[in-house]
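This report refers to the structure that appears directly beneath it.
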Amino acid sequence: MLPLKKILCPTDFSDPSLAALEAANELAVHFSSELIVLHIITPIPVLGAEALMPGNFDVAAYQKQMELNAHKNLEDLVRKKISEGVSVRTLVVLGNPADEIVKTADEEKADLIVIATRGQTGLKRLVFGSVAEKTVRLASQPVLTIQAPEGD
């Protein structure tokens, strides 16, 4: 596992994911690692033929705009939060967050995944599940979970 050559850090731009990015940045500085910052866009389901009729909501155009916005937001985030000298790449993919994190980590041959956890318990966790928890279960590489900051 050591030294860490590639670190994958998924972000949804929330405060918890920014805390994880800060930890990933520190690790990248310490190990002179490449940092890959990933954002996943969840696909919008098409609800039937009537949704495709002219004049209705254009799902493809909306998702394309989301992708463009995500790229811009990732570039801004990297400029503001990543230390100078860290080799960093950004990726935007479409799909189920946990599945795409694991898939990207495998494709990129990441040595470590650094991910935020909101620390949900009880019914909320049962209903909504946890991207971090599923990532830990499915990933073939080590996963470092960073607890959400107090008050989140």
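The values are calculated or read from the model by the stated rules, or taken from the named source; none is laboratory data. Every value quoted in this text rests on a predicted model; they were computed, and no experiment measured them. Virtual Cβ from ideal backbone geometry, glycine too; neighbours counted across all protein chains shown.
Look at I7 and say whether it is under 11 Å from the mean Cα position of the chain (by Cα), modelled with pLDDT of 95 or more and not in a loop (DSSP other than H, G, I, E, B). Considered against the rule, which asks whether it is under 11 Å from the mean Cα position of the chain (by Cα), modelled with pLDDT of 95 or more and not in a loop (DSSP other than H, G, I, E, B), I7 comes out as no. Only helices (runs of 4 or more DSSP H) whose full extent lies in segment 36-152 are considered here, and the ones with at least 1 residues that are touching a helix residue (DSSP H, G or I) at 6+ places or on another chain (Cβ under 9 Å), at pLDDT 85 or above and hydroxyl-bearing (S, T, Y) are 131-138.
Taken over segment 66-92, the criterion of being touching a residue at least 40 places away in the same chain (Cβ under 8 Å) and surrounded by fewer than 17 Cβ atoms within 10 Å (Cβ to Cβ) is satisfied by N73, K81, S83, G85, S87, R89.
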